[in-house]
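First the structure, in the form of structure tokens, and then the observations on it.
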Amino acid sequence: SCLVAGMAHGSMCILDTTSLKYKIAGESHMAGINDIAFGKKDSSYCCTISEDRLLRVWNLGNYHVQRTIKGQCAGRRCLIDSVRGEIISGWSNGAVRAFSIDTGRESWSIAKAHKGAITCLDIGQGNLLTGGEDGSVRIWSTPSCRLVTQYQAHQGAVGEVLA
């Protein structure tokens, strides 16, 4: 088995936990990686999102980039929705965007999900939970992008949401 870690200088390292030997992935981000997500049903790939505006899908069989998606601003959070076959991403401009894992095409988006950056994401029971720098937690119906409800009880950025 192995451990995958995103490094502050933008590279992704793979550590073989048996031999404790590591290698740097052949392709890397050019800025700090902000999040790494793994699929719950399929562990053959993961995705990373970075300050360099890139969302990358990595093939964990050979550690090569399978797909690169360019954002309009720094990427903050990502998660893999294995049920729908999508990567859901949160960006520094407050947008949430979903992409097909297979094609990389945008499936749906919420342009202004929050004022300021998206700080956390989770999905469950057909709903997307988002937290933002604006201190609010919002629940969205996907893929319709309809706001179901919101909570504004935080003074600072929301640290985590759990579906």
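The values are calculated or read from the model by the stated rules, or taken from the named source; none is laboratory data. Bear in mind the structure is a predicted one, so any value in this text is a computation, not a measurement. As a convention, Cβ positions derive from the backbone with ideal geometry for all residues, glycine included, and neighbour counts pool all protein chains shown. Just the protein is used for accessible areas: all its heavy atoms, side chains included, with ligands, DNA and RNA removed. Shrake-Rupley method; radii C 1.70, N 1.55, O 1.52, S 1.80 Å.
Can you tell me which residues in region 1-34 are closer than 24 Å to Glu106 by Cβ, in a loop (DSSP other than H, G, I, E, B) and hydrophobic (A, V, I, L, M, F, W, C)?
Met30, Ala31
Regarding region 28-39, can at least one residue be identified that is of a type in the set (S, T, N, Q) and under 13 Å from the mean Cα position of the chain (by Cα)? Give the derivation first.
At the first step, the residues of region 28-39 found to be of a type in the set (S, T, N, Q) are 28, 34.
The next check asks that each one be under 13 Å from the mean Cα position of the chain (by Cα); those that pass are 34.
Checked against the condition, which is being of a type in the set (S, T, N, Q) and under 13 Å from the mean Cα position of the chain (by Cα), region 28-39 yields at least one hit.
Let me spell it out: the conditions are (1) under 26 Å from Ile24 (Cα atoms); (2) part of a loop (DSSP other than H, G, I, E, B), and His154 meets all of them except one. Which number is the exception?
Failing condition for His154: (1).
So Ser1 passes all but one of these: (1) of a type in the set (Gly, Ala, Ser); (2) modelled with pLDDT under 90; (3) open to solvent by less than 60 Å² (accessible area, probe 1.4 Å). Which condition number does it fail?
Looking at each condition in turn, Ser1 falls short on (3).
Looking at this structure, is Asp35 farther than 25 Å from Trp91 by Cα and of a type in the set (Asp, Glu)?
On the way: farther than 25 Å from Trp91 by Cα: no; of a type in the set (Asp, Glu): yes.
When the stated conditions are applied, Asp35 does not pass them.
Take Ala37 and decide whether it is closer than 21 Å to Ala157 by Cβ, open to solvent by less than 60 Å² (accessible area, probe 1.4 Å), hydrophobic (A, V, I, L, M, F, W, C) and in a loop (DSSP other than H, G, I, E, B). Before the answer, list the steps.
Working: closer than 21 Å to Ala157 by Cβ: yes; open to solvent by less than 60 Å² (accessible area, probe 1.4 Å): yes; hydrophobic (A, V, I, L, M, F, W, C): yes; in a loop (DSSP other than H, G, I, E, B): no.
Here the answer is no, as Ala37 does not meet what is asked.
Identify the residue in region 117-163 that is among the β-branched types (Val, Ile, Thr) and within 15 Å of the chain's Cα centre (by Cα) and, among all such residues, is nearest to Gly85 (Cα to Cα). Before you say what the answer is, go through the steps one by one.
Restricting attention to region 117-163, the residues satisfying the condition of being among the β-branched types (Val, Ile, Thr) are 118-119, 123, 130, 137, 139, 142, 148-149, 158, 161.
If we keep only those that are within 15 Å of the chain's Cα centre (by Cα) too, we end up with 118-119, 123, 130, 161.
Numbers: Ile118: 21, Thr119: 22, Ile123: 13, Thr130: 19, Val161: 21 Å.
Checking each candidate, the answer is Ile123.
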